[in-house]
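Participant: Here's a structure for you.
The values are calculated or read from the model by the stated rules, or taken from the named source; none is laboratory data. Since the structure is predicted, the reported quantities are computational estimates derived from the model, not experimental observations. Please note: Cβ atoms are built from the backbone with ideal geometry, for glycine as well, and neighbour counts cover all protein chains shown.
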Amino acid sequence: MSASYAHLLSPLDLGHVTLPNRVLMGSMHVGLEEEGGRFEKLSAYFAARARGGVGLIVTGGVSPNAQGQLKPFAATLSSRRAARRHASVTSAVHDAGGRIALQILHAGRYAYHPLSVCPSRIKSPITPFTPFALGARGVERTINHFARCTELAREAGYDGVEIMGSEGYLINQFLVERTNRRTDKWGGAYANRMRFATEIVRRSREAVGPDFIIIYRLSMLDLVPQGSSWTEVLELAAAIEAAGASIINTGIGWHEARVPTIATMVPRAAFTWVTRRLKESGAISIPVITSNRINTPEIAEDILARGDADMVSMARPLLADPDFVRKAAEGRADEINTCIACNQACLDHAFAGKTTSCLVNPRACHETVLNWGPAEQPKNIAVVGAGPAGLAYATVAAERGHAVTLYDAANEIGGQFNLAKQVPGKEEFHETIRYYRAMMTKHQVTMR
């Protein structure tokens, strides 16, 4: 264990299972969840992160039923046949020494199809469809679908589930008066509005027993009008623990919120204070996870050392470098390819319906097709231009065993990245240049 990251790399005992470290790979929908066959690409993608040492992986959102799909024919787990397909994903992760949880996500009124549902018939400002209000039987069926999905996840070999209760999706929609105008036992007073969430956790726990991880992602800051008060957040957290959750994860902001939460302009670890506030409240005793803009092991270690949380969630940083944890543990943090929070190949691709990748790591989500090994015949190679493209080519060629000389008229590497990093809010671009400088040294690239 690296002494520099003693808290980050320490195990976390959940009772029935011990996680090897405090790093959670947060959920990201990457466009591989809907691939045909037996999820070969998705399996390879997650297995790479498991080999990299992540304590627990959480998948992209999978719906418990057709109404909850993010878009038509989106990922759904509602049958044993579907569970058998997922077994290839869980086997790949376990063979690589990792653990993985399925995120169960019901889109509610955020669904991009005409069958969307919501507690009340109130249209979302970011989707074109007006949802149908769930009837009392529909509410009960949906709760049972969550529990059934949890049961199927266990059958598929998952180590747990994350129940998505934040970001403005269906469970979150039940919690607040902004989207819940019901007058039955599922609406009105907060005790009624949170019943949907607690019943989902309770029935899911009943379906799988005590030795299965259930994470509940709780919206601690809605960042929209008529959102949850802090008193309500504490009440819900206590009720979720009582219902059987193993861990509470931090959710920040509804998707329709106007407050940036993950863009590069957002300071690193900007929202850990709210997780600390829950942890220090005494409302719960189970571990809590913090999230958003945590992209270096030093930041993660500081968060844990000062007691803000028990785990840290990182999603995009593990797109950028699947070996993040292993490099930190081996004292090679300078070799971590740091996420610069640009969102250009992850979120932008997801919104455009394309397979996710990463601006600083194009191999992300393309692990089955973009590979390289030692060169059969090492050569002397000259690369002209020390911008990002030249740096990428030079370092990969040198890694393969070629003797590489990199030429540039400037005195420093980076090319136009040196201009970009001066733009306010783009300071993270320094990290990419730092990474390539480390790779040039490691692989003995000559600079002239």
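Participant: Residue check: is His7 over 19 Å from the mean Cα position of the chain (by Cα) and not β-branched (Val, Ile, Thr)?
Facilitator: Taking the combined requirement at face value, the residue satisfies it.
Participant: So which of Pro119, Pro131 is without any contact (Cβ under 8 Å) to a residue 24 or more places away in the chain and either within 30 Å of Gly15 (Cβ to Cβ) or crowded, with 23+ Cβ neighbours inside 10 Å (or both)?
Facilitator: The unique qualifying residue is Pro131.
Participant: May I ask you to list the residues in the range 214-267 that are under 22 Å from Ala341 (Cβ atoms) and hydroxyl-bearing (Ser, Thr, Tyr)?
Facilitator: Ser219, Thr250, Thr261, Thr264
Participant: Being part of a loop (DSSP other than H, G, I, E, B), closer than 24 Å to Thr356 by Cα and touching a Phe, Trp or Tyr at 6+ places or on another chain (Cβ under 7 Å) is the filter here; which residues of the range 370-415 pass it?
Facilitator: Gly387
Participant: Sticking with this structure for a sec: So which residues in the range 16-51 are within 19 Å of Ala245 (Cα to Cα) and without any contact (Cβ under 8 Å) to a residue 40 or more places away in the chain, if there are any at all?
Facilitator: Thr18, the sole residue that qualifies.
Participant: Something else: Only one residue in Tyr436, Tyr407, Tyr393 is crowded, with 19+ Cβ neighbours inside 10 Å, free of Cβ contacts under 8 Å to residues at least 60 places away in the same chain, aromatic (Phe, Trp, Tyr) and not assigned by TED's automatic domain parsing to the domain that holds Ala92, so which one is that?
Facilitator: Tyr436
Participant: Please go through (1) touching an Asp or Glu at 6+ places or on another chain (Cβ under 8 Å); (2) more than 22 Å from Ser313 (Cβ to Cβ) for Gly168 and return the number of the only condition it doesn't satisfy.
Facilitator: Every condition holds for Gly168 apart from (2).
Participant: Output the residues belonging to the range 194-230 that are basic (Lys, Arg) and surrounded by 24 or more Cβ atoms within 10 Å (Cβ to Cβ). Spell out how you get there, then give the answer.
Facilitator: Quick first cut of the range 194-230, residues basic (Lys, Arg) only: 195, 202-203, 205, 217.
Of everything in the range 194-230, just one residue is basic (Lys, Arg) and surrounded by 24 or more Cβ atoms within 10 Å (Cβ to Cβ), namely Arg217.
Participant: Another one. I'd like the full set of residues that are among the hydrophobic types (A, V, I, L, M, F, W, C), surrounded by fewer than 23 Cβ atoms within 10 Å (Cβ to Cβ) and within 14 Å of Thr90 (Cβ to Cβ), limited to the range 1-49.
Facilitator: Phe39, Ala44
Participant: Right, Val89: at pLDDT 95 or above, farther than 26 Å from Ile252 by Cα, touching a strand residue (DSSP E or B) at 6+ places or on another chain (Cβ under 6 Å) and not small (Gly, Ala, Ser) or not? Lay out the reasoning, then the answer.
Facilitator: On the way: at pLDDT 95 or above: yes; farther than 26 Å from Ile252 by Cα: yes; touching a strand residue (DSSP E or B) at 6+ places or on another chain (Cβ under 6 Å): no; not small (Gly, Ala, Ser): yes.
No.
Participant: Inside the range 112-153, can you point out the residues that are touching an Asp or Glu at 6+ places or on another chain (Cβ under 6 Å) and assigned to a loop (DSSP other than H, G, I, E, B)?
Facilitator: Pro125, Ile126, listed by residue number.
Participant: Can you pull out the residues in the range 264-294 that are in a helix (DSSP H, G or I) and not acidic (Asp, Glu)?
Facilitator: Thr272, Trp273, Val274, Thr275, Arg276, Arg277, Leu278, Lys279, Ser281
Participant: Please go through the range 56-96 and give me each residue that is in a loop (DSSP other than H, G, I, E, B), more than 17 Å from the chain's Cα centre (by Cα) and touching a residue at least 40 places away in the same chain (Cβ under 8 Å), ordered by number.
Facilitator: Pro64, Asn65, Gln69, Lys71, Pro72, Ala74, Leu77, Ser78, Ser79, Ala96
Participant: If you don't mind, another one. Test Val360 against the stated conditions and say whether it is of a type in the set (A, V, I, L, M) and not in a loop (DSSP other than H, G, I, E, B).
Facilitator: no
Residues are listed down the side, and each one gets a yes or a no for (1) under 27 Å from Ile100 (Cβ atoms); (2) of a type in the set (Val, Ile, Thr); (3) crowded, with 20+ Cβ neighbours inside 10 Å; (4) within 18 Å of the chain's Cα centre (by Cα):
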residue: Ala257; (1), (2), (3), (4): no, no, no, no
residue: Ile289; (1), (2), (3), (4): yes, yes, yes, yes
residue: Asp321; (1), (2), (3), (4): yes, no, yes, yes
residue: Phe324; (1), (2), (3), (4): yes, no, yes, yes
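Participant: Here is a list: Ala263, Ala309, Ala269. Which entry is without any contact (Cβ under 8 Å) to a residue 40 or more places away in the chain and aliphatic (A, V, I, L, M)? Break it down stepwise before answering.
Facilitator: Numbers: Ala263 fails: without any contact (Cβ under 8 Å) to a residue 40 or more places away in the chain; Ala309 fails: without any contact (Cβ under 8 Å) to a residue 40 or more places away in the chain.
Just a single option satisfies the conditions, and that option is Ala269.
Participant: Separate question: Regarding Arg99, is this residue assigned by TED's automatic domain parsing to the domain that holds Glu199, among the basic types (Lys, Arg) and more than 21 Å from Ile289 (Cβ to Cβ)?
Facilitator: no
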